[in-house]
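Just below is one structure, and these are the notes that go with it.
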Amino acid sequence: MIVQAPRPRGKGPFGDSNMRRSILAALAVLVLSLGAHAAEAPQLADAPLRAVQFVDDQEGWAVGDEGVVWHTIDGGQSWERQPTGVRASLRSLHFLDPFTGYVAGTECLPGGGTTGVILFTSDGGLKWQRASVKELPGLHRIKFLDKRTGYVAGAGSDLHPTGVFGTEDGGITWKPIGGESKGGWLAADFGPDQLGVLGGREGSLMALRPQGLIKAEIDGLGRRGVRAVQLLGRQAWAVGEGGLVLTSANSAGLKWSYADVQLPPEVANAWDFHALHFVGEHGWIVGRPGSVVLHTWDKGKSWQVQQTGQSLPLHGIHFLNERLGWAVGDLGTILATSDGGKSWKVQRRGGQRAAILVLTPTGGGFPAGSIALLGADEGYLAAAVQVAATPGQHNAESTVRFAEAVRLAGGCQGETLWQFPLPAHLQQATASELARAWGDSMDEARGYEEVIRQLVLALRIWRPDVVLTSHPDPRSPEGQAGAFVALAASKAFDLAGKADAFPEQLTKLDLQPWTPAKLYGRWDSVSGANVIIDLNTPRPQLLMSPAEKAAPAWHLLLEPGAERPALDSYRLLASRLDDAEKHKHLLQGLKLGIGGQARREFDPTTLEDEDWQKVVRSSQQRRDFLAIVRKDFNDPEKARRLPAVVAKELAGLREDQGAEAAYTLASLYARTGQWLMARELFLMMLDRYPAHRLTPEAARWLIRFGASSEARRREELKHFVAVANYPLIGPRAEPGNALEPNLPRLPARGATYGTALIRRSEELREWSKSSLAVGDVLAAIGPQFYQQPDVQFALGAAHRQLGQHQEPKLWCTQFKLKQSGGVWHDAAGAELWLMSKIGQPPKPAASCGAVDAPPFLDGQLDDPCWKDAQPIPLNDAVGRTAERYPTEAWITHDANFLYLALRCKHPSDGHMKDPVKPRPRDADLRDFDRVSLLLDLDRDYATYFRLEVDQRGCVCEDCWGDRSWNPKWYVAAHVEPGCWQIEAAIPLVELTVEPIRPHQAWAFNVVRTIPGKGVQAFSTPADAEPRPEGMGLLLFQRDQPTQPMPPPRLEGVGTDR
């Protein structure tokens, strides 16, 4: 695939660097005299900086979050911000000369995934142009070898799994580089002859060679990620988390060994390395904390620790020679040294510490509304630490996503600790189970101590006055993980100011004891809370409510349609201030002046009363609108008329408010199973708000819905409230011309967005055809959305349902040829295999034969149908449990039912649970050993039926995440020491109106989740929550019995669902 975008070419506009600096200095004075900086957002000053480069001892650039590029022409004595026109997190830069430079970065998409940003300048940054059209995934590194040859690396995506791209025309086009599908790169460096080295999360290291990416040779790195690499001819260096330093002596990054940096284990575990730079024999390494720098003067034979005099994390470093260097990091910090790092001087920063530090187990617990008030409106610097990391390939994206969400809400930085992975099967684990999982060799005490150690470290780095943490009760929405973090935060609050607590942080890392003033825990009700924050009242600096300001952050952190708070409540857990229990504001009792160490510099907004009343009315309109719609939500008669009501109310809102409200409501209806209403509201978004950042997600939902045989069956069964159709009026602006001018407008099949929508408007409510029609609209929004495999498989399913088999065949063939592997590569191969049946299927496949007699449902598994069927073994998907907890499944069918049998073994150590009778509907199974059957009848790998049963025989079902789907099915459980067994019969009429045909194929999976232990599955990837793209194939083998079959016989009572 080739991505094209125009960019300017040519030599620099000035004859020599001295003349150029004189002109730039004059321009800087002019800009300052015009007061341009007074108007810029105050939070740009404290945006984290990620990379720095100087072209000589006077001129350099530093880049970071919020799209900031800082520039100096006097060695860093003064820095001016160069406008870029983007708000992305800029992660890397490379200047070939004082005029020609490139910057790479990443932006997170509301529905998941990232998009890459490449900026180019030919005049030293006076003008930056976007040199990519958002088809690339998020980027973390960029390197040019000359003005034509360059590389970028970053997040892998379904479309570009390796996450590495090259250009041979100066960045006009980028081609993906093949090899092992890894992605998630945080570090990369490249040299001539197609040599390179890449590093990423959880010990990922690969080498680039002319034939593509090759896995590097290195002993296991465990959970530690590689954060920076440097290629020096045939030698290479790599650094990362937990004091990781690696060297590659003469293989250009193919073979690695550990460097001996003479750090005690307790120091290495507390020091995460983020960046390095070597010049000759000298090398420097910086990271978190930023209070110290690791320096070698003899190519790594000897090392010394240098002090910087400040604690904030550092993310980038650059040296011109053995003496002159710069380092950049959080709160917009830029440090400089002229003596090789022996002493460092602060050249600029947007603050010195945080006023508030949030400690949350996961991003879902981050109080975005409160930070919008405290950070964006009142100017307090608020940092956040996400204690538990998402494991595996999604880790890199989740850390970037959390950091961006914190900034969007008004915070200054969001960090994620790498030491504490939280896979889905651990999310309901007890505090003891979490501590064992996070301790060495399942050591519970060690795990608890390590969490406290890292939280003390965070307090000493950020030095906050107020700490916000989770609810201390495990019965709260944040559960056991939240209570665990709250307990550890309370202990860290006590210890951070004591010199004898984790003394290596003070003596070796040059940090200072820190004593916060107050510790608050989240509270789930007004009763018992000390501080209550109203999130719906407009604020003068925001010119909107905190809830409106927090909305973009919530889109990154919460599931679509998830409930958002109107109030944030806090209870005082500990304090060193008198009468703190009487405080009504989180910062009450503290003196933090505007523009001080922990508060932004800003001029309070003054509005005329009339203008302020407009703000108040606008915010009130939004609240009233949502209240009206929510009130009528469960009234079928009123719900039928809601599209007209919504359309009328939206007309009175600002476009950003209207799009946000429409998406919120549509997502709520989608989550609760009212999919026809969701369809109308998502169509309304396409019609009215084509340029909004949420509109691509609306289109993706509509494509999946229109192609879904599962959704179609539910409509046939009258599961949805009928609604009036929303009348299309046609978009008022093409994408790219309204709310987001950088969103590309790329036509599909010769159609613009508006013509694609109107031309096919008659098909927008027809099954299958609607999916293809919205596909045209999404293609007009941008190919980076349209070409994603999850979209294309849904479109392929729609084509097949319309008898159009050539289109999906062509796409699968082309896609498979471009990919070297991965789950979507295998799914495309499976579709092609089903058309030919030549060779072995690329995905796991199981046979489902027809039976002559139904089983007697008693859980004993002694019927002939099971003895004749081939068992389906489950393998490890997450963790290692298959050996101690072996699982087998059997699936058969007749003309009326699909039959499932399960045998789930376990050690005889108290794991056994007695069957429950009578069984409740939609029981909470999360704390129990359970098995999920996922059925995707049209192989769109997006929508599915899920039927779950646990070791007690309790059941739960959902359709595409909608728990209101309640099919009638039959389950019998049998329990004995060391094993639990299930027999189930699922009426086919609940799934489809069509009879099963011989040689028909469904996508399916059987997944067993053992809480606190791991996950097994027939096909991977799989997890405790559905991974539909990882499903295998269920192949139906022969005709149904010719005689009508009796219904399944049941033992006992309470088995009928």
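Every read-out reported here was derived from the displayed coordinates using simple, explicitly stated rules and does not represent laboratory data. These figures come from a predicted structure and were not determined experimentally. Neighbour counts run over all protein chains shown; Cβ positions are idealised from the backbone, glycine included.
Things worth noting here:
- For the chain, the membrane-span-like helices by this rule, meaning whole DSSP H stretches whose C-alpha atoms cover at least 27 Å of axis and whose Kyte-Doolittle mean is -0.5 or above, are 444-462; this says nothing about an actual membrane.
- Near the amide H of LEU244, within less than 5 Å, lie the amide hydrogens of PHE273, all on another chain or at least 5 residues away, with H placed in the peptide plane.
- Relative to one another, the C-alpha centroids of segment 68-145 and segment 914-974 are positioned 48 Å apart.
- Part-to-part distance (alpha-carbon centres) for segment 824-881 and segment 570-620, which is given in Å: 60 Å
- For segment 356-582, alpha-carbon Rg relative to the globular expectation (2.2 N^0.38 Å, N residues): 0.98
- Here the sum of -39500 (n - 2.57) over DSSP H runs of 4 or more residues, divided by the residues of the chain, equals -7500 deg cm²/dmol at 222 nm, to the nearest 500.
- Electrostatic dipole magnitude of segment 47-177 [Cβ: Lys, Arg +1; Asp, Glu -1; Cα centre; debye, to 20]: 400 debye
- Highest mean packing comes first when the peptides 68-79, 598-609, 336-347 are listed by Cβ atoms within 10 Å, giving 68-79, 336-347, 598-609.
- Centre separation in Å (Cα based) which lies between segment 154-185 and segment 696-721: 34 Å
- Selection of trypsin sites (Lys or Arg not before Pro), segment 457-496, meeting DSSP coil and at most 13 other Cβ within 10 Å: ARG475
- Projecting the Cα atoms of PRO472, ALA707, LEU509 onto the charge dipole of the chain, computed from C-beta unit charges around the Cα centre, puts ALA707 farthest toward the positive end.
- Which listed pairs, of LYS769/LYS968; LYS905/LYS968; LYS175/LYS816; LYS518/LYS584, have C-alpha distances above 21 Å, in listed order: LYS769/LYS968; LYS905/LYS968
- In summary, the aspartates and glutamates within cross-link reach of LYS809, defined as a Cα separation below 16 angstrom excluding same-chain residues under 8 places away, comprise ASP790, ASP826, GLU831, ASP938, ASP940.
- Calculated from the structure at hand, Cα Rg over 2.2 N^0.38 Å is found among (1) 1.08; (2) 0.95; (3) 1.28 as (2).
- Cα-centre dipole for the chain with unit charges at Cβ (Lys and Arg positive, Asp and Glu negative), debye to 20: 1360 debye
- Counted charge near ALA486, where neighbours are those whose Cβ lies closer than 9 Å (Asp, Glu -1; Lys, Arg +1): -1
- Lys/Arg +1, Asp/Glu -1 at C-beta; the chain dipole; positive extreme among VAL68, VAL245, GLN307: VAL68
- Cβ-placed point charges (K, R +1; D, E -1), dipole of segment 200-258 about Cα centre in debye, nearest 20: 100 debye
- Note on ASN321 and ASP193: with the Förster distance fixed at 25 Å, the Cβ-Cβ geometry gives a FRET efficiency of about 0.40.
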